Amino acid sequence: GVFLVGFRRYCKKTSTKLRVSEALTGAEVGADVKVQGWVRSVRSQKNNIFFHVNDGSSLKSLQVVAGAEMNDPLLTFGSAVEVTGILKKSPHQKQPVELEAEQIRVVGGCNPVDFPFKIKERHSLEYIRQLPHLRCRTNAFSSLLRIRSEATAAIHSYFKDHGFVQIHTPIITSNDCEGAGELFKVEPSGPDFGDDEEFFSVPAFLTVSGQLHLEVMSGAFSRVYTFGPTFRAENSQSRRHLAEFFMVEAEISFTESLKDLTKVMEDMFRSATERVLARCVEDVDLFHRHVTPGHRWGCDLMTEHEKHLVKHCGNVPVFVTDYPYDLKPFYARDNQDQPRHTTAAVDLLVPGIGELCGGSLREERLDLLMARLKQVGLEDNYSWYLDLRRFGAVPHGGFGLGFERYLQCILGVDNIKDVIPFPRFSHSCLL
Ligand code: 4AD
């Protein structure tokens with residue numbers, strides 16, 4: 001009996017751990033809860049203290065009310081806290097729920113003098129970019145990362161719903177898919193290998209695209225995709241280039257026209273964007289209201305061309321098709337029936353960014369592909385790629401969408417370095 005009474009008392013004292021987003025729904029009003037997070041603001045009055053706790057689950061923070069006697073000198077902007085108490089309906093319209101604290105524990109203090117963010121100050125994206133280890137504590141960057149996570153899920157779900165098989169294409173590869181020579185070489189570093197010894201016995205690089213590996217798999221699964229990091233040693237500090245970026249790539253067998261391909265590109269873009277806009281209302285709104293600095297354009301000629309085209313078409317996304325033969329990589333399908341020598345390649349250009357997506361039908365005709373590889377001096381490297389044309393080849397095509405450029409596009413973010421957790425570009429690899 002004594003044990004049961006004690007046990008019941010113990011159970012009664014057990015608070016339900018809630019995420020701030022769950023607490024803010026109001027469904028748990030009256031419950032004894034525990035919330036953990038970081039302090040976003042503190043205000044003291046004669047009898048009470050008020051502070052906001054944010055745990056990254058939503059843009060909004062939960063207001064905590066406590067008696068002045070519970071104040072702690074360590075309870076400052078940026079400190080980590082654990083608060084237990086009762087969730088109450090708040091008299092304020094803007095903040096429907098508040099937590100009446102019974103116990104406050106400062107888990108990790110934060111010296112406000114040294115902390116690089118100041119309470120109630122809106123810091124610029126340029127400023128927070130210098131602090132890659134702390135910028136996730138700001139509203140703007142935490143919103144961005146929640147949106148990024150939702151967009152990732154939305155893209156995976158689009159492909160899953162449309163019968164695509166996800167393939168983990170390799171990060172280390174021996175081919176340069178784009179043939180542009182923007183490769184990072186992979187070499188061992190350690191006592192087991194000499195300076196001139198090759199770990200893989202062939203030159204190996206970080207992948208610039210998973211396309212060729214997807215083409216292999218499209219020959220068995222018909223529809224495949226991959227979504228992972230890709231690397232380009234581009235000596236560029238531009239607003240739309242990174243050395244490490246994420247690419248969404250799809251490859252579809254039995255595709256005979258660019259129209260079939262652009263339909264999938266458009267469908268995926270729409271479906272992912274609709275889901276992000278529906279599920280990340282507050283986070284997206286923050287960008288559209290406060291962060292967007294207005295579109296600026298890069299200044300190289302190519303970007304200027306893209307800008308002109310998008311503007312000419314009324315500032316909407318534009319597909320540009322049938323590029324000159326010599327401008328596209330060896331894999332693009334030759335449009336033999338056109339008066340000018342072109343390939344069945346397509347780029348999707350969007351306002352504010354320029355090129356967001358590149359794709360093409362792939363050359364599936366063995367003789368033409370062999371001739372092309374010979375022309376560019378690659379005939380010895382790609383016998384396996386030619387095999388794909390020998391054993392049950394079908395017309396196929398695919399595309400790659402730059403995920404960071406996609407986020408820039410839907411949020412209106414000027415600089416690509418502000419839409420990736422840890423940006424890598426020439427002369428910069430912080431953390
Ligand atoms: O146009 P790209 O080079 O196409 C390919 O790599 C194809 N093999 C893809 C495929 O068909 N499977 O790159 C595709 C997209 C570009 O449209 C752009 O959005 C993005 O990748 N991209 C970059 N994003 C950030 N930083 C860079 N350095 C980028 N280079 C390309």
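The values are calculated or read from the model by the stated rules, or taken from the named source; none is laboratory data. Predicted model only: the values in this text are computed from it and were never measured. Don't worry about glycine lacking a Cβ; one is built from the backbone with ideal geometry, like all the others, and counts go over all protein chains shown.
Filter the stretch 236-254 down to residues that are within 12 Å of the ligand (Cβ to nearest atom) and hydroxyl-bearing (Ser, Thr, Tyr) and give me whichever is surrounded by the fewest Cβ atoms within 10 Å (Cβ to Cβ).
Checked the stretch 236-254; the qualifying residue surrounded by the fewest Cβ atoms within 10 Å (Cβ to Cβ) is 238.
Which one of these does residue 113 not meet: (1) under 29 Å from residue 150 (Cα atoms); (2) without any contact (Cβ under 8 Å) to a residue 40 or more places away in the chain?
Answer for residue 113: the failing condition is (1).
Evaluate the following for residue 321: is it surrounded by fewer than 20 Cβ atoms within 10 Å (Cβ to Cβ), within 15 Å of the ligand (Cβ to nearest atom), over 30 Å from residue 278 (Cβ atoms) and not aromatic (Phe, Trp, Tyr)?
yes
Please go through the stretch 205-235 and give me each residue that is assigned to a loop (DSSP other than H, G, I, E, B) and surrounded by 19 or more Cβ atoms within 10 Å (Cβ to Cβ), ordered by number.
207, 208, 209, 210, 232
Restricted to the stretch 386-431, and to residues that are of a type in the set (Asp, Glu) and either surrounded by 17 or more Cβ atoms within 10 Å (Cβ to Cβ) or not assigned by TED's automatic domain parsing to the domain that holds residue 369 (or both), which residue is farthest from residue 316 (Cα to Cα)?
Restricting to residues being of a type in the set (Asp, Glu) and either surrounded by 17 or more Cβ atoms within 10 Å (Cβ to Cβ) or not assigned by TED's automatic domain parsing to the domain that holds residue 369 (or both), the top hit is 418.
If you scan the stretch 84-123, which residues turn out to be within 32 Å of the chain's Cα centre (by Cα) and acidic (Asp, Glu)?
Those that are within 32 Å of the chain's Cα centre (by Cα) and acidic (Asp, Glu): 114, 121.
For residue 267, only one of the following conditions fails: (1) within 15 Å of the ligand (Cβ to nearest atom); (2) part of a helix (DSSP H, G or I); (3) at pLDDT 95 or above. What is its number?
(1)
Would you say residue 163 is under 28 Å from residue 254 (Cβ atoms), part of a loop (DSSP other than H, G, I, E, B) and touching a Pro at 6+ places or on another chain (Cβ under 6 Å)?
no
Could you check the stretch 347-401 and list, in sequence order, the residues that are more than 9 Å from the ligand (Cβ to nearest atom) and of a type in the set (Gly, Ala, Ser)?
If the condition is that a residue be more than 9 Å from the ligand (Cβ to nearest atom) and of a type in the set (Gly, Ala, Ser), then 352, 371, 377, 383, 392, 393 are the ones that fit.
Yes/no per residue for (1) outside the structural domain of residue 409 (by TED's automatic domain parsing); (2) of a type in the set (Val, Ile, Thr); (3) touching a Phe, Trp or Tyr at 6+ places or on another chain (Cβ under 6 Å):
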| site | (1), (2), (3) |
| --- | --- |
| 101 | yes, no, no |
| 118 | yes, no, no |
| 130 | no, no, no |
| 133 | no, no, no |
| 144 | no, no, no |
| 156 | no, no, no |
| 159 | no, no, yes |
| 162 | no, no, no |
| 176 | no, no, no |
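Kindly indicate whether any position in the stretch 179-198 is assigned by TED's automatic domain parsing to the domain that holds residue 276, among the basic types (Lys, Arg) and part of a helix (DSSP H, G or I).
No, the stretch 179-198 contains no residue that is assigned by TED's automatic domain parsing to the domain that holds residue 276, among the basic types (Lys, Arg) and part of a helix (DSSP H, G or I).
Would you please name the residue that is nearest to the ligand (Cβ to nearest atom), looking only at residues in the stretch 211-235 that are more than 22 Å from residue 148 (Cβ to Cβ), free of Cβ contacts under 8 Å to residues at least 60 places away in the same chain and of a type outside the set (A, V, I, L, M, F, W, C)?
213
Residue-by-condition table, conditions (1) at pLDDT 95 or above; (2) in the same structural domain as residue 284 (by TED's automatic domain parsing); (3) closer than 18 Å to residue 94 by Cα:
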{"position": "7", "(1), (2), (3)": "no, no, no"}
{"position": "10", "(1), (2), (3)": "no, no, no"}
{"position": "19", "(1), (2), (3)": "yes, no, no"}
{"position": "26", "(1), (2), (3)": "no, no, yes"}
{"position": "32", "(1), (2), (3)": "yes, no, no"}
{"position": "35", "(1), (2), (3)": "yes, no, no"}
{"position": "49", "(1), (2), (3)": "yes, no, no"}
{"position": "52", "(1), (2), (3)": "yes, no, yes"}
{"position": "58", "(1), (2), (3)": "yes, no, yes"}
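Taking residue 281 and the conditions (1) within 16 Å of the chain's Cα centre (by Cα); (2) surrounded by fewer than 23 Cβ atoms within 10 Å (Cβ to Cβ); (3) away from the ligand (no atom under 14 Å from the Cβ); (4) of a type in the set (A, V, I, L, M), which numbered condition does it fall short on, given that it satisfies the others?
The number of the failed condition is (1).
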